[in-house]
Structure formats: structure tokens, C-alpha cells
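Just below is one structure, and these are the notes that go with it.
Only the coordinates and a few stated rules stand behind these numbers; no lab work does. Treat the numbers as computed from the prediction; the structure is a model and nothing was measured. Note that each Cβ is placed from the backbone with ideal geometry, even for glycine, and that neighbours are counted across all protein chains shown.
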Amino acid sequence: MSRIDDLIGEYCPNGVEVKSLSDVAETVSGLSGKAKADFSDGNARFVSYKNAFANLAVDLEAPDFVKVGLNEKQNRLQKGDVVVTGSSENFDEVGMSSVVVREPDEVLYLNSFCFALRFHDSALFLPDFSKYLFRSESVRSQIRRAASGVTRINVSKPRFMRIRIPVPPREVQCEIVRILDQFTQLEAELEAELEARRRQYASYRDSLVTTVDGPRVPMGELGTFMRGRRFTKSDVVESGIPSIHYGEIYTDYGVSASSANREVNSDLVEQLRFAQPRDVIFAGVGETVLDVGKAVAWLGDGPVAVHDDTFSFTSGLDPKYVAYAVQTDDFHAQKSNHVARGKVKRLSSAGLSKIRIPVPSAEEQARIVSILDNFDSLVNDLSIGLPAELNARRKQYEYYRDKLLTFKEMAA
């Protein structure tokens, strides 16, 4: 940190200038006038919502394409643009940023669910500095305050443009980038090693499940599916009825859960539907074909309210065995034939009912669950092994990022 202190003392001893985004930048909208068919066999690359959400720097090689006519007028991304996700299902994930850190080798467009921030002076920020700045807690907290909504949280562009950001000298920006790049490089190496282990685990899981001694039976013949009932974020309370929202199956839960992370108002009890202990809860909506249909085995002591974009599956099978069986490549291959491909991907109970899974004896199901539970802990449990090390490094990075990006403000 002494090097940073020296640079601040040399270049900005009286503090760093802080400016509103509206004073230094403008917003650029994403694609417009596009239909579902335009995203099949496209001729131009675009930055998807998932690309922007998941990456500090935009992945310029991501295989996302859209049809764009020769003389069609659409905004194009350029080096230095900060891509921002315009909406989310919760305040913590709304307005996530990703930066175009180098000039694209080809024309690059932006999906309609995001917008870009373009600085009037391209030399104001190093793109690699922007990628850290807009993910820092000091900026993220302002982004959350610029958003509103109930079932879907949306960023207000006028409020977003009132966000105030520090503008340190480029020498200070360079040193901050150098330090934080070291953290992210180490994190990337750990992530790569963990991902390799997860692929190894997935291969073993698929082999273990698909080669069992038993018939492959449509799920509709093994049990029944029940769709949940609607509740919204405004129904969430501190103490009420345990509930699982479809989005939480992606973000909050693993293979199984014995308690719910959120509860909804008890006044809704008569209009809700409930999954029972040993049911398996499927997400019926997802952002991608691969995502939709993710499941969690409910192992709680009592019922749990389930959202209307979920389906609870009741059967005589080991619920954790089912949750593992529906992670296999074989399940995903069958599932893809039943997914409705709109802006969001949907899977119905009728589609789920047609998918076949292997059905071994109850003893074999229990044996498979025991084996896979051990493997799952090794690659997903944040308290042990590589996941724990990665989690510690990530917290360390976030601490130093926020510390480095907090400046004394120059007096007006």
C-alpha cells in the first residue's frame, strides 16, 4: 500500500476529484427491434446479459450472435465502454458491470437488457481501472439505490447518472490495476483448478448414475408434479412461512436443503402451494436451456411454500438421488427437447414428465447419494479444501479492492 500512498501524496495530496456520471459520460442503449428469430444463425457478435453479469471484463470471444442487416442502425460497443445489466430479481445483483477493456476485433453489439456507459473523454479512465471501480462497494451501493421494483428490480438511468465516482490520476489508476490484477490472477488460477475438479466430478457422477442396474423410466410414471403458486418479493417477511422462489434454486441452494433462506407473509397460507419433505423442487424458468430445470431436494421437517415458476416432484425415490440424476448430460439432452425458447427459457411439468431417469434399487440409490455427497462437498463446500481457499482469497480481494478505491475527496 506504501506505493499507492506515495503516488497519492505526489499526484493528489489534497484529495481526488469526484464527479457525477452525468458530467463525464452518456448512456448507450442495446439492440432494438430484434425478434426471437434474429438470434438464430446470427451474423454479428453481441454481448449477452450473462456475459456482462459474470465478467469483470467483457468476454469478446463469447459465442453469442444476432442477425444485423448491412445498413441497419444499431449502437456498437467500443473500448472503454462500461456495460451495465439493467435489471435483476434482487437488489444485490442489479446493475452489474463489465468493461470492454480492448478494442474489439469485429463489430460488437449489446443485448437489449443492458445499457453501456461511454465516457466523453476516453482518456479519463483506464478500462482496466473501470472494471474494478464499478464493482467496488462504494459504487455498487449507489447503483442499488438507483434501482427500484418488486418482482423485477430495474435500474433508473436518470438516478444511475447521478452516481458520483472518484477520478484519480492515471498514475494512481495504473498502480491500483497492477495490485488488483495480482489478486484476480490468483483467484483465476484457483477457479481453474476447482473447475477442473468439478468437471472430473461431473464425469464421474454421470457415469455412476447412467450405468446403474435398473430401467430408465419417464418421471411422470415415477411420481407427480405440482406447480407452485405466485408470491412476490414484497411478500417476504422476517418471520412467516418458509418459502423457495425459483430464482433462489439457482443462487442459494445446492443439491438439497433442510431449511429455507426466506419466508413469506403468513396471511398468504390459503393461497400458497407447498412442497412436502422428500419432494424435489424444479425451477421451471431459466436464462438458458442448460440452466432451466435445476432442482433441489427438500429435506426440511415440514412443508415449504413454492413459487409458481417451480414444480415440486413427489415420488418414492430417494430425493437426493433424483436431484443428482437430473444434473447428468443425459437428462439435459432429453430436457432440451421440451424447453420453450423465448426471451426466458421455460420447462413445463408435461415436459419434465417425459424425461427418463435410471431407477436402481433403493439400496443403490442410497449408495450413489453417499458417494456423490462426498464429491459434492469437495467441490462446493466453502468450509473445506479448494472452495474454502478460493472463498478466502475472494474476500481478501474484495477487502483490498474497496480499500484501494476509497479516496479522500478534494474540497470543492
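Listed by Cβ neighbour count within 10 Å, with the fewest neighbours leading, 85, 310 appear as 85, 310. For segment 386-403, the residues whose amide N sits under 14 Å from a probe point set 7 Å from the Cα of residue 200 along the beta carbon direction are 386-387. Rounded, prolate or oblate: which one fits segment 318-396, using the alpha carbon gyration tensor with axes a ≥ b ≥ c (rounded when a/c is under 1.5, else prolate when a/b beats b/c, else oblate)? Since a/c reaches 1.5 but b/c is at least a/b, the shape of segment 318-396 is classed as oblate.
Take 359, 379 and order them by how many other Cβ atoms sit within 10 Å, fewest up front.
With the fewest neighbours first, 359, 379 line up as 379, 359.
Note on segment 109-251: the C-alpha convex hull projects to 15.2 nm² when averaged across all orientations.
A straight chain from residue 71 to residue 261 at 0.36 nm per residue would run longer than the Cα-Cα distance by 63.4 nm.
Shown for segment 215-359 is the translational diffusion coefficient from the Stokes-Einstein equation, using the Kirkwood radius over Cα pairs, a temperature of 4 °C and a viscosity of 1.567 mPa s: 86 µm²/s.
Taken over segment 17-167, the percentage of Cα pairs per 5 Å bin, counting from 0 up to the bin with the maximum distance, is 2, 10, 20, 23, 20, 14, 8, 3, 0, 0. The chain has equivalent-ellipsoid semi-axes of 42, 24, 22 Å, by the square roots of 5 times the alpha carbon gyration tensor eigenvalues, sorted largest first. Expressed as a whole number of Å, what is the distance separating the alpha-carbon centroids of segment 92-147 and segment 292-351? Here the two parts' Cα centres lie 35 Å apart.
Averaging the Cα positions of each part gives two centres, and for segment 208-281 and segment 31-88 these lie 34 Å apart. When 11, 397, 109, 321 are arranged by Cβ crowding within 10 Å, least crowded first, meaning fewest neighbours, the order is 11, 397, 109, 321. Between residue 24 and residue 348, the simple spin-label model (points 7 angstrom out along Cα→Cβ) gives 5.2 nm. If you count Lys pairs in segment 11-113 whose Cα atoms are under 21 Å apart, skipping same-chain pairs closer than 8 places in sequence, the total is 8.
Computed from backbone phi, the HN-Hα couplings of segment 364-369 come to 5, 4, 5, 5, 5, 4 Hz, rounded to whole numbers (Karplus: 6.51 cos²θ - 1.76 cosθ + 1.60, θ = phi - 60°; Gly and Pro given as x).
Rounded, prolate or oblate for segment 73-127? Axes are the square roots of the Cα gyration tensor eigenvalues, ordered a ≥ b ≥ c, and the cut-off for rounded is a/c under 1.5. Oblate shape, in that a/c is at least 1.5 and b/c is the bigger or equal ratio.
Any idea what the dipole of segment 22-135 comes to, in debye rounded to 20, about its Cα centre with Lys/Arg Cβ at +1 and Asp/Glu Cβ at -1? Don't jump to the answer; show the numbers that get you there.
On the way: 12 positive and 17 negative charges, 39 e Å.
Dipole magnitude for segment 22-135 comes out near 180 debye.
Write out the trypsin sites (Lys or Arg not before Pro) in segment 92-133 meeting two conditions: DSSP loop, and at most 15 other Cβ atoms within 10 Å of their Cβ. Provide the component values of the computation, followed by the final result.
Values: sites: 102, 118, 131; in loops: 102.
Sparse-neighbourhood loop trypsin sites (Lys or Arg not before Pro): 102.
Taking θ as phi - 60° and the Karplus parameters 6.51, -1.76 and 1.60, the scalar couplings of segment 89-99 work out to 8, 8, 5, 5, 10, 7, x, 6, 10, 8, 10 Hz in sequence order, x denoting glycine and proline.
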